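Just so it is clear, none of the values below were taken in a lab; they were calculated from the coordinates. Values in this document were obtained by computation on a predicted structure and should not be read as measured data. Using ideal geometry, Cβ is built from the backbone for each residue, glycine included, and neighbour counts are taken over all protein chains shown.
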Amino acid sequence: MLLSVVIPLLNEAGNLVELHSRLAAVLDRIGAQRQILFVDDGSTDGSLEVIRRIAARDSTVGAIRLSRNFGHEIAMTAGLDAATGDATVIMDADLQDPPELIEEMAARWREGIEVVYAVRRRRDGESPFKKWTSWLFYRLLDKLSNIRIPLDAGDFRLIDRKVREAVGRCREHDRFVRGLVAWAGFKTAPVIYDRPPRAAGETKYGALMLLLLSVDAVLGFSIRPLRVASAAGFLVMLLSLASALVCLCVGAPGYALLTAGLFFLGGVQMLMLGILGEYIGRIYRQSQERPLYFVAETLVGGSSLNTAR
């Protein structure tokens, strides 16, 4: 059995040596052949040089350097495209995804589970605001999306080869990989863990990034925002009719109510246009048929292959 590990990263130089050490120990205990793929998504802190030193000592380590920062979801996709294992683990490089959990994931996979995802029971080392926004993100996504995406589960998971190949066939630009895995519909099971604090560096996912990710997730897997916009328009129409009837019945001056109503109606119209614009923008980007990413350099077994594709 060959187990691939895909690790997208941006400026994680301080975590990579310890990550590789712990990861190698776990994979040795599992007893599988291994392929460790780091995907450098435009790091500027020397992360690639650290990976070069690691790969010089461990021939099972490879790296993909993207030509620029394409974003976490695209970097993850580049790693999945390059993975060749019978099963593939997706994890972050910040050591908040403990490598030791892979042992339990692999055991569940051997039992026939095709997607084993890690669910966070606790999130140590994070501010109350970050915990609250993350909690809200998963609940809103669950309510608005047409597919069942597990609550409190990030990208840390093990997927079977057939799942990786199925996700690889989906080439939309505005990607949400864990949503694509859920949409593919294979047999799933959770493993529960307590998420440790970040070992070094800073998180790349603040409140704004979570908001943008939630927009991509909802619009990529649901047309409910369009239906919400239609319902809001219908509600505004009813409120306007009711207000007009009240003004007629009581003889009240309607200019104040009219002014407030115009501002309210204008806000609803702008919201609707924004929702429509998001969907149209996604159609436009997809119609351009540009590649998802370009690879500037590939590192295999400590040797650099200068490529661009």
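A full extension of the chain between Leu151 and Asp194 corresponds to an added length of 14.0 nm, given 0.36 nm per residue minus the alpha carbon distance. Debye sum, Cα scatterers, the range 1-103, no solvent: what log₁₀ I/I(0) at q = 0.14, 0.16, 0.22 1/Å? Cα-only, vacuum Debye calculation for the range 1-103: -0.46, -0.60, -1.20. Available extension along the chain between Arg52 and Met1 is 15.8 nm, counting 0.36 nm per residue and deducting the alpha carbon span. The Cβ shell under 9 Å around Ala75 holds other residues with a net charge of -3, Lys and Arg each +1, Asp and Glu each -1.
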